[in-house]
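Novice: Take a look at the following structure, please.
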């Protein structure tokens, strides 16, 4: 059984999943991890989705306002033992719907070139590659995307 919980960044299950995500990214990002980590703090995130398989929190994602009408997708993660079940796409769709409910018309996001699974996820879900924005300008390991809602 799958259950979706809309919550915020204070949610203890979200915090646990993010800690796991950060450990994974520290390995993937290598020396660049500290640079990227500064943009991934969760204390100001108000819109979080946690997905439960049975009663286990196995996946998460969040949206955060980037500019008027634009939200940034943040902290997307699926535990390794729960991958390849469509959970990330499900979370992405829920975040997009929530963004629309809140009056946003576009989602943007950044992922790393080493996150091959994430790149596949965003391509499958009709995100289009854009020029690196904001803090990711000039970062050769960053790949940015957008989707009109």
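The values are calculated or read from the model by the stated rules, or taken from the named source; none is laboratory data. What you are looking at is a predicted structure, and each value in this text was computed from that prediction instead of being measured. Quick reminder, even Gly has a Cβ in these numbers, built from the backbone with ideal geometry, and neighbours come from all protein chains shown.
Novice: Just to be sure before I move on: is residue 126 in contact (Cβ under 8 Å) with a residue 12 or more places away in the chain and in a loop (DSSP other than H, G, I, E, B) in the structure I sent?
Specialist: yes
Novice: Here is a follow-up. Is it true that some residue in the stretch 9-30 is within 17 Å of residue 101 (Cα to Cα) and either assigned to a strand (DSSP E or B) or modelled with pLDDT under 95 (or both)?
Specialist: Looking for residues that are within 17 Å of residue 101 (Cα to Cα) and either assigned to a strand (DSSP E or B) or modelled with pLDDT under 95 (or both), one finds none in the stretch 9-30, hence no.
Novice: Further question: Listed residues 59, 99; which is buried (at least 16 other Cβ atoms within 10 Å of the Cβ), modelled with pLDDT of 95 or more and not in a helix (DSSP H, G or I)?
Specialist: Selected residue: 59, the only one of 59, 99 that is buried (at least 16 other Cβ atoms within 10 Å of the Cβ), modelled with pLDDT of 95 or more and not in a helix (DSSP H, G or I).
Novice: What number of residues within the stretch 113-143 are over 27 Å from residue 84 (Cβ atoms) and surrounded by fewer than 12 Cβ atoms within 10 Å (Cβ to Cβ)?
Specialist: Qualifying residue count for the region: 4.
Novice: Considering 110, 146, which residue is touching a helix residue (DSSP H, G or I) at 6+ places or on another chain (Cβ under 7 Å) and either without any contact (Cβ under 8 Å) to a residue 24 or more places away in the chain or surrounded by 12 or more Cβ atoms within 10 Å (Cβ to Cβ) (or both)?
Specialist: That would be 110, the only listed residue that is touching a helix residue (DSSP H, G or I) at 6+ places or on another chain (Cβ under 7 Å) and either without any contact (Cβ under 8 Å) to a residue 24 or more places away in the chain or surrounded by 12 or more Cβ atoms within 10 Å (Cβ to Cβ) (or both).
Listed here are the residues, each with its yes/no results for (1) part of a strand (DSSP E or B); (2) on the phi > 0 side of the Ramachandran plot; (3) touching a strand residue (DSSP E or B) at 6+ places or on another chain (Cβ under 6 Å).
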site: 107; (1), (2), (3): yes, no, yes
site: 114; (1), (2), (3): no, no, no
site: 132; (1), (2), (3): no, no, yes
site: 139; (1), (2), (3): no, no, no
site: 145; (1), (2), (3): yes, no, yes
